[in-house]
1. Tell me which of these ILE17 doesn't satisfy, since it passes every other one: (1) of a type outside the set (Asp, Glu); (2) surrounded by fewer than 17 Cβ atoms within 10 Å (Cβ to Cβ); (3) out of contact with any Ser or Thr (no Cβ under 8 Å at 6 or more places or on another chain); (4) at pLDDT 95 or above.
2. Looking at the range 22-40, can you tell me whether even one residue there is at pLDDT below 95, polar (S, T, N, Q) and surrounded by 17 or more Cβ atoms within 10 Å (Cβ to Cβ)?
3. Could you please let me know if HIS44 is touching a residue at least 24 places away in the same chain (Cβ under 8 Å), in a strand (DSSP E or B) and open to solvent by less than 20 Å² (accessible area, probe 1.4 Å)?
4. For the range 25-58, enumerate the residues that are within 12 Å of the chain's Cα centre (by Cα) and aliphatic (A, V, I, L, M).
5. Do we have ILE72 as among the β-branched types (Val, Ile, Thr), surrounded by 12 or more Cβ atoms within 10 Å (Cβ to Cβ), modelled with pLDDT of 95 or more and under 12 Å from the mean Cα position of the chain (by Cα) here?
6. Given the structure, is LEU79 without any contact (Cβ under 8 Å) to a residue 60 or more places away in the chain, in contact with a Leu (Cβ under 8 Å, 6 or more places away or on another chain), hydrophobic (A, V, I, L, M, F, W, C) and open to solvent by 30 Å² or more (accessible area, probe 1.4 Å)?
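The values are calculated or read from the model by the stated rules, or taken from the named source; none is laboratory data. The structure presented is a predicted model; accordingly, all values stated were derived computationally and were not measured. Cβ sites come from the backbone with ideal geometry, for glycine too, and all protein chains shown count toward neighbours. Surface accessibility is based on the protein's heavy atoms, side chains included, excluding ligands, DNA and RNA. Shrake-Rupley method; radii C 1.70, N 1.55, O 1.52, S 1.80 Å.
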Amino acid sequence: MEGTPKGSSLEKVMETIHAVKGVLNVHDLHVWSITSGKNALSCHVVLNNQISFLESQVILREIESKLQHQEIEHATIQLENEEHPHDESAICSTTKREGHH
């Protein structure tokens, strides 16, 4: 069964992503364990409007590398700019949208 990994800190994951240069915000963050020892993450990352596509790919690779150091092997990250409409809440809530945890 899927569930949040033991010892996982969503705050630490958020801090890790926020620490990457060019990242302005993180929202809709989900971290779960697919199976023993295999952790996954999905989130939306807001980047500065001045970042080029090529620069965004460097940022993406840096985030993925830092997450691997937190034992998150599989990450699905949606990159957005400041103008993309999004909710400011960091972690999805079941009260906001059915099916998100």
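1. With respect to (1) of a type outside the set (Asp, Glu); (2) surrounded by fewer than 17 Cβ atoms within 10 Å (Cβ to Cβ); (3) out of contact with any Ser or Thr (no Cβ under 8 Å at 6 or more places or on another chain); (4) at pLDDT 95 or above, ILE17 is out only on (2).
2. Within the range 22-40 (the criterion being at pLDDT below 95, polar (S, T, N, Q) and surrounded by 17 or more Cβ atoms within 10 Å (Cβ to Cβ)), the answer is yes, since at least one residue qualifies.
3. Working: touching a residue at least 24 places away in the same chain (Cβ under 8 Å): yes; in a strand (DSSP E or B): yes; open to solvent by less than 20 Å² (accessible area, probe 1.4 Å): no.
No, not satisfied.
4. Of everything in the range 25-58, those that are within 12 Å of the chain's Cα centre (by Cα) and aliphatic (A, V, I, L, M) turn out to be VAL26, LEU29, VAL31, ALA40, LEU41, VAL45, VAL46.
5. Working: among the β-branched types (Val, Ile, Thr): yes; surrounded by 12 or more Cβ atoms within 10 Å (Cβ to Cβ): yes; modelled with pLDDT of 95 or more: no; under 12 Å from the mean Cα position of the chain (by Cα): yes.
For ILE72, the condition - among the β-branched types (Val, Ile, Thr), surrounded by 12 or more Cβ atoms within 10 Å (Cβ to Cβ), modelled with pLDDT of 95 or more and under 12 Å from the mean Cα position of the chain (by Cα) - is not met.
6. Values: without any contact (Cβ under 8 Å) to a residue 60 or more places away in the chain: yes; in contact with a Leu (Cβ under 8 Å, 6 or more places away or on another chain): yes; hydrophobic (A, V, I, L, M, F, W, C): yes; open to solvent by 30 Å² or more (accessible area, probe 1.4 Å): yes.
Taking the combined requirement at face value, the residue satisfies it.
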